[in-house]
Amino acid sequence: MSSRPIGDYALLSDCHSAALVSTEGSVDWLCLPRFDSPAVFGRLLDEAAGHWTIRPCGTSRVTRRYVPESLVLETTFRTPSGTVMLLDALAMGHRERGHALGASSPGVLLRRITCTSGSVAVETSFAPRPEFGLVHPVLSAVRGGLSAYGGAQRLVLSTPLPLRIDGSTARGETGLKAGQRIEFALSSLPAWGDAEPDPWPGGRINRRLNDTVKGWRSWTRIHQGYQGPWRDEVAHSGRVLQGLSFTPTGAIVAAATTSLPESIGADRNWDYRYTWVRDASFTLQALSTSACEKEKATYFGFLAQAAATQLERGANLQVIYGIGGERDLSERTLPHLSGWRGSTPVRTGNDGWRQHQLDVYGELLDAAHQTHPRTEWFAPPTRSFLLQAAETAARRWREPDQGIWEVRGPSRHFLYSKLMCRVALDLAPALGATPTQVTAWRHTRQHFRRAIEDEGWNPHLGAFTQAFGSSELDASALMLPLVGFLPGDDPRIRTTVAAIASKLTDARGHVRRYLRDDLASEEGAFLLCTFLLAHALALIDEVPRAREVFETALSCANEVGLLAEEISPTTGEALGNYPQAFSHIGLINAARAIGHAERARRNS
C-alpha cells in the first residue's frame, strides 16, 4: 500500500488533467487525458500502480516551490557533491495566454533536471501502469526514447538518456556537472489509429517549459484585483482553482484525486474528480475575488447546461456532474488496489449523484444571480429552467433529504437545505417570474423563516442545529449570516457561532462538520469549516479572533501552498482528496470577509 503523506505532494495541471509530484521527484498520480480518466501513474493508491521518479542517487536535502505566478514546480535537491534542480509542468498549448490558458493543452508531462553546482549522479525510474495499474505495458525503444504499448493508450517517453528495460519498468542513471541538464517528455495518443509517436527533442521541451510559465503568468497578471489581507495566498488559491478547471467545458473538479480517505483505513473514500452544484455559490464568490467575470460566466454556463432538465415532471436536480456534463456517475470499486495506508475500498464514480439534496436549488439560483444579476442576460431556455428550479424549491422544501454533506444514512430535515431553498426564492423574482409566482413565493418565504427560526433553533443549546428538532450542532449553520438570513449582530447568530467554536473545534483549533453520522468511522476536521468559522467571526465583528482562526487553517497548507480536505485531529496531517477546491475557496472567501470587516472598523 502507499503510505507517503498526502501533504507531501505538489499539483501540476494543464486545465485538462492533473499530476501529483512527491518531494522525491516521483509522479505518483497522473490521469490522461482528463481529470476523471483512469490513472497512468497511481502509486498514490498502491505501490504497484505506477510512478515516474527523477532524483539524485543517494541522499539529498529537498526544497521546492512553484515558479512565481505559476503552477510549474521547481524542486531543488542538495547533495554532498552538488545541487540539481528538477522542473516539472503539464504543458499548456503553444503561446496560450490569459483566458485562453489550457484551451489546446497537448496532454504532455514535461520534466527537466539541471545541475546548478558541483556534480551529481541522477537516476530515473519509469513505471507506467495504465488503467489504475491493471495494464503492465510492453516497453520498447523508439527514436528519441521509448514507447509503452498496452490498453487504450500508447505512451511515448522522450529522452536522450539511455534506459534499461526490465519488464514494464525502465531505469537509467547518469552523472551531471554544473550547467548540464537532461530533458524528458511523456505524451500519449490513442492506441488505435494511424498516428505515430512524436518524440520531443530537448530544445522543444525547453521552449514549452518556458512557454508554460509565461502562460500561467499571463493568467495571473490579469487576475490581480484583490487588494486585501493574505493577498499572495488568495492569488495562489485562485491559480489552484484554475488548475482544477476543465477548460473545454468550464467545470471545476472538487479535487484531483479519488479515494484519499477522510479517515485512515476506513470507508470514507470517495471520487472527487467531478463538479458539485453544492459548491456553486461558494465557488463563484471565490472567483469574484481571485479571478474575474470571464471565469464566473464560463463556470455558470457549464452548470446551467449540465443541470438543465424538465423539473416539472418531478425529477430531482442532480447533485454531481461529470466534467463533460455527464450524469451517470455510477460508483464501482477497484479491488486490486490496496488504497492509501490500506484505506479501502478504492472507488471510481460517485453514487452521490443519485441523492436527493434540496440545497442545490438555492445554490443554483445564487450562482445565477452572482453571474448575471440582470435577467435579460439569460437565454430563454436557461431562464425557464431556473424558474422551474425555484418552483421546485417552493414545492418540495418540506421534504427530508441527505443534506449538504451527503450523508449516506436516512433522509432528514436538514436546516441548511431549508435555508438554501429560501435563498432560491429570495433570488427567483429577478428572473422574470409572473406576479402570481412572486406572490406565492413571498408567502412561502414567510413559512421558511418561521420554520427555520422555530424548528431549527434549540434553546437549550442556544444555537441553530443540524436538523429540525435536533440537538446536534453542524458547521453548516455558520452559513446563516453568510447568506443574509440573519445579520451578524443577531444574538442567536452570535451564540450559534460561539457554540460551534466551542463544541466542534478540536484541540488543534480545526472545526469538524458535525460530531457523528451513520458511518462507522470518524472523520477529521474539515478545513472549509474552519475557514467558514473565520468568515462568520468576521461578520459578527470578532475580527482578531477571525484572524486567529484563519491563520490556524492556513497553517495546514504544505510548503507549496496546497490544502487538503481534512486534518487529522490526532496527528495534524492532511486527509481526504487533494488538493481540495473547497478548502481553497474557503480561504479566498474568508480572507475577503476579514478584509471587509477590518476596513469597516477603520472607517467607523
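The values are calculated or read from the model by the stated rules, or taken from the named source; none is laboratory data. Everything quoted here is computed from the prediction, not taken from an experiment. Ideal geometry is used to build each Cβ from the backbone, glycine not excepted, and the neighbour counts take in all protein chains shown. Calculation scope for accessible area: heavy atoms of the full protein, side chains included, ligands and nucleic acids excluded. Shrake-Rupley method; radii C 1.70, N 1.55, O 1.52, S 1.80 Å.
Among the residues of region 363-381, are any among the charged types (D, E, K, R), in contact (Cβ under 8 Å) with a residue 60 or more places away in the chain and either in contact with a Gly (Cβ under 7 Å, 6 or more places away or on another chain) or exposed (fewer than 15 other Cβ atoms within 10 Å of the Cβ) (or both)? No, that holds for no residue. Of the conditions (1) touching a helix residue (DSSP H, G or I) at 6+ places or on another chain (Cβ under 6 Å); (2) over 20 Å from H372 (Cβ atoms); (3) surrounded by fewer than 24 Cβ atoms within 10 Å (Cβ to Cβ), Q285 satisfies every one except a single condition; which number is it? Here Q285 meets the rest and fails (2).
Of note, T83 does not satisfy the criterion of being within 18 Å of D28 (Cβ to Cβ), of a type in the set (V, I, T), part of a strand (DSSP E or B) and modelled with pLDDT of 95 or more. Of the helices (runs of 4 or more DSSP H) contained entirely in region 394-501, those carrying at least 2 residues that are open to solvent by less than 50 Å² (accessible area, probe 1.4 Å) and in contact with a strand residue (DSSP E or B) (Cβ under 7 Å, 6 or more places away or on another chain) fall at 415-427.
Is it the case that R327 is touching a residue at least 60 places away in the same chain (Cβ under 8 Å) and open to solvent by 10 Å² or more (accessible area, probe 1.4 Å)? So R327 fails the test.
If I filter region 221-231 for residues that are part of a helix (DSSP H, G or I), under 21 Å from the mean Cα position of the chain (by Cα) and free of Cβ contacts under 8 Å to residues at least 60 places away in the same chain, do I get at least one hit? Yes, some residue in region 221-231 is part of a helix (DSSP H, G or I), under 21 Å from the mean Cα position of the chain (by Cα) and free of Cβ contacts under 8 Å to residues at least 60 places away in the same chain.
Residue by residue, here is whether (1) closer than 30 Å to P106 by Cβ; (2) in contact (Cβ under 8 Å) with a residue 24 or more places away in the chain holds:
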residue	(1), (2)
G238	yes, yes
G243	yes, yes
F246	yes, yes
V253	yes, yes
R268	no, yes
T283	yes, yes
A291	yes, yes
G301	yes, yes
G314	no, no
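For F485, indicate whether it is touching a Gly at 6+ places or on another chain (Cβ under 8 Å), touching a residue at least 24 places away in the same chain (Cβ under 8 Å) and either at negative phi or hydrophobic (A, V, I, L, M, F, W, C) (or both). Here the answer is no, as F485 does not meet what is asked.
Look through region 157-199, keep the residues that are among the hydrophobic types (A, V, I, L, M, F, W, C) and modelled with pLDDT under 95, and return whichever of them is nearest to the chain's Cα centre (by Cα). For region 157-199, the residue satisfying everything is L189.
Hey, among A18, A89, A10, A49, which residue is open to solvent by less than 40 Å² (accessible area, probe 1.4 Å), among the small types (G, A, S) and within 19 Å of E183 (Cα to Cα)? So the residue among A18, A89, A10, A49 that is open to solvent by less than 40 Å² (accessible area, probe 1.4 Å), among the small types (G, A, S) and within 19 Å of E183 (Cα to Cα) is A89. Among the candidates V135, V62, the residue that is out of contact with any Ser or Thr (no Cβ under 8 Å at 6 or more places or on another chain) and surrounded by fewer than 23 Cβ atoms within 10 Å (Cβ to Cβ) is uniquely V135. Do the conditions hold for A390, that is, is it in a helix (DSSP H, G or I), touching a Phe, Trp or Tyr at 6+ places or on another chain (Cβ under 8 Å) and touching a residue at least 60 places away in the same chain (Cβ under 8 Å)? Here the answer is no, as A390 does not meet what is asked. Quick one: would you say H99 is part of a helix (DSSP H, G or I) and within 26 Å of G324 (Cα to Cα)? Yes, satisfied. So in region 542-601, with the set limited to residues that are polar (S, T, N, Q) and surrounded by fewer than 19 Cβ atoms within 10 Å (Cβ to Cβ), which one is nearest to D279 (Cα to Cα)? Among those residues, the one meeting the criterion is S555. In region 106-122, which residues are in contact with a Pro (Cβ under 8 Å, 6 or more places away or on another chain) and crowded, with 17+ Cβ neighbours inside 10 Å? Scanning region 106-122 gives G107, V120, V122. Counting residues in region 247-260 that are part of a helix (DSSP H, G or I) and surrounded by fewer than 18 Cβ atoms within 10 Å (Cβ to Cβ) gives zero. Only one entry in G193, G202, G179 is open to solvent by 40 Å² or more (accessible area, probe 1.4 Å) and either in contact (Cβ under 8 Å) with a residue 24 or more places away in the chain or in contact with a helix residue (DSSP H, G or I) (Cβ under 6 Å, 6 or more places away or on another chain) (or both), namely G179. Just one of G432, G456 is out of contact with any Gly (no Cβ under 8 Å at 6 or more places or on another chain), within 30 Å of S502 (Cα to Cα) and touching a residue at least 12 places away in the same chain (Cβ under 8 Å); which is it? Answer to the check: G456.
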